[in-house]
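Read the structure below first, then the notes.
The values are calculated or read from the model by the stated rules, or taken from the named source; none is laboratory data. The shown structure was predicted, so the numbers you read here are calculated from the model rather than taken from an experiment. Cβ placement follows ideal geometry from the backbone for every residue including glycine, while neighbour counts extend to all protein chains displayed.
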Amino acid sequence: MCDHSQMSTRIVVIGGGIAGVSAAYHLLEVHPGADVVLLEMEATLAQHTTGRSAALLLENLGTPSARALCSASVPFLREPPDDLVDAPLLAHRPVLHVATLEQSDQVDRMLEEGTSATTPTLEVDLDEAMRLFPPLRRERLHRAIVEPDSADIDVGALHQAFVRGFRRAGGRIATSTRVDAARPSGDGWCLDTTDGEVGADLVVNAAGAWGDVVAFGAGVEPVGLQPRRRTAFMVNGPGLDTTGWAFTEGVDEGWYIKDDGPQMFCSLAEENPSEPCDARPEELDVAMAIERLNEATTLGIRSVNSAWTGLRTFAPDESMVIGPEPDHPTFVWCVGQGGSGIQTSPGAGRLLADLAFGGGPSDAFDGFDLDGVRPGRFRGQR
Ligand SMILES: Cc1cc2nc3c(=O)[nH]c(=O)nc-3n(C[C@H](O)[C@H](O)[C@H](O)COP(=O)(O)OP(=O)(O)OC[C@H]3O[C@@H](n4cnc5c(N)ncnc54)[C@H](O)[C@@H]3O)c2cc1C
């Protein structure tokens, strides 16, 4: 017999990445008194994509709903509750996009689309581009644009802030507990986990790359999630004072780089499809990134100190999937975070908590196109 909580509504959140912990934290804010349990299959939280990101806040990124969720997240990122953090979550860092002569059209497009941030994307002259990232090869530069309001996010501290707030409000976390299947039980669910059966009145699917696997195991139609590989690696820095250097990328998104202490964080920015898995770097991707970075800069990269790969997981229309499944309203999706799951996490978690149990969005989402994130869009509902 599946153990259902007798005293209060039990919510089970599946997944302890940034999406799951933000959802869990906000669920207890919006539904105080609920019994919220977060289940994570790994021995530690944030081991998959959340622990492998570039840790950037870049408001002009992704689909309109991703940009709106990012805007809704900025107040939390800039001013998190004092008792949840020990230091600011953001450190200002401009983002510089550089273009060769052939890529000039892409600059025009980015200028047109770059209006989501408080300060819109700006074109800068080449002297300013060189000041923002001195190792660039000036002879290859044709145009450059800057996103001035961007920042590095302390991802570990953000994740920990949600965990702290969740635990303080009475939330429970079980690691090394994988959900293998779920079946309807009364109005809720009975979950088969590696630690036995768990009853739930509401299930939140925040399983990242495994989001469709979890849905399938619950008899819910998958939404068509596609995990895509992205590899990052660290190389020695140039041994210069890098204060004020920008996060710098080619406008074709074929490479990016930023300083990280004495090292440089680099990526090929690739988007190769993958199965859900513990992704590992491929030598060819790293070699290709080094070749492109050495073409664009004078850094003369020869060797790599460490490398890793994460899965950025997208729904077919590249917008997130947040809210109850139409035919199973106690199964709530929070997946498809793609390349912006960190910077959108406060907003996505809050929206999920608002929509769970059939509620509507709170004031922070005034004017937000809900249909653009609801799972119903994949079920012919608008
Ligand atoms: C190289 C790279 C750069 C990036 N840069 C940025 C950036 O600058 N800014 C930004 O905002 N985003 C960035 N992203 C994207 C961001 O990292 C992701 O959108 C985000 O981390 C997704 O979080 P998540 O919680 O959905 O997934 P995950 O962190 O993968 O969490 C999902 C969790 O669910 C668990 N799980 C899965 N199945 C089960 C199950 N059956 N039972 C129990 N647990 C389960 C997994 O173990 C995992 O811990 C980047 C990603 C990569 C790879």
Checklist entry - So which strands (runs of 3 or more DSSP E) are wholly in region 292-382 and hold at least 2 residues that are in contact with an Asp or Glu (Cβ under 7 Å, 6 or more places away or on another chain)? => result 328-335
Checklist entry - For region 238-269, what are the residues that are at pLDDT below 95 and outside any loop (DSSP other than H, G, I, E, B)? => result none
Next on the checklist: Could you tell me how many of the residues in region 362-382 are under 20 Å from Val223 (Cβ atoms) and either at pLDDT below 95 or of a type outside the set (Lys, Arg) (or both)?
Outcome noted: 13
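Does region 193-212 hold any residues that are near the ligand (Cβ under 10 Å from one of its atoms) and buried (at least 17 other Cβ atoms within 10 Å of the Cβ), and which are they?
Applying the first criterion (near the ligand (Cβ under 10 Å from one of its atoms)) to region 193-212 yields 193-194, 205-211.
Scanning region 193-212 gives Thr193, Asn205, Ala206, Ala207, Gly208, Ala209, Trp210, Gly211.
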Next on the checklist: Let me spell it out: the conditions are (1) among the charged types (D, E, K, R); (2) without any contact (Cβ under 8 Å) to a residue 60 or more places away in the chain; (3) more than 17 Å from Arg52 (Cβ to Cβ), and Asp260 meets all of them except one. Which number is the exception?
Outcome noted: (3)
Next on the checklist: Here is a check on your reading of the model: is Thr231 closer than 18 Å to Gly208 by Cβ and within 16 Å of the ligand (Cβ to nearest atom)?
Outcome noted: yes
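So that you can scan it fast, the table gives a plain yes or no per residue for (1) away from the ligand (no atom under 16 Å from the Cβ); (2) under 19 Å from Asp83 (Cα atoms); (3) assigned by TED's automatic domain parsing to the domain that holds Tyr256:
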{"residue": "Glu128", "(1), (2), (3)": "yes, no, yes"}
{"residue": "His142", "(1), (2), (3)": "yes, no, yes"}
{"residue": "Phe162", "(1), (2), (3)": "no, yes, no"}
{"residue": "Arg167", "(1), (2), (3)": "yes, yes, no"}
{"residue": "Thr175", "(1), (2), (3)": "no, no, no"}
Checklist entry - Could you count how many residues in region 46-68 are within 11 Å of the ligand (Cβ to nearest atom) and either in the same structural domain as Thr118 (by TED's automatic domain parsing) or among the charged types (D, E, K, R) (or both)? => result 2
Checklist outcome for this item: Only one of Phe365, Phe357 is on the phi > 0 side of the Ramachandran plot and either of a type in the set (Phe, Trp, Tyr) or not assigned by TED's automatic domain parsing to the domain that holds Leu141 (or both), namely Phe357
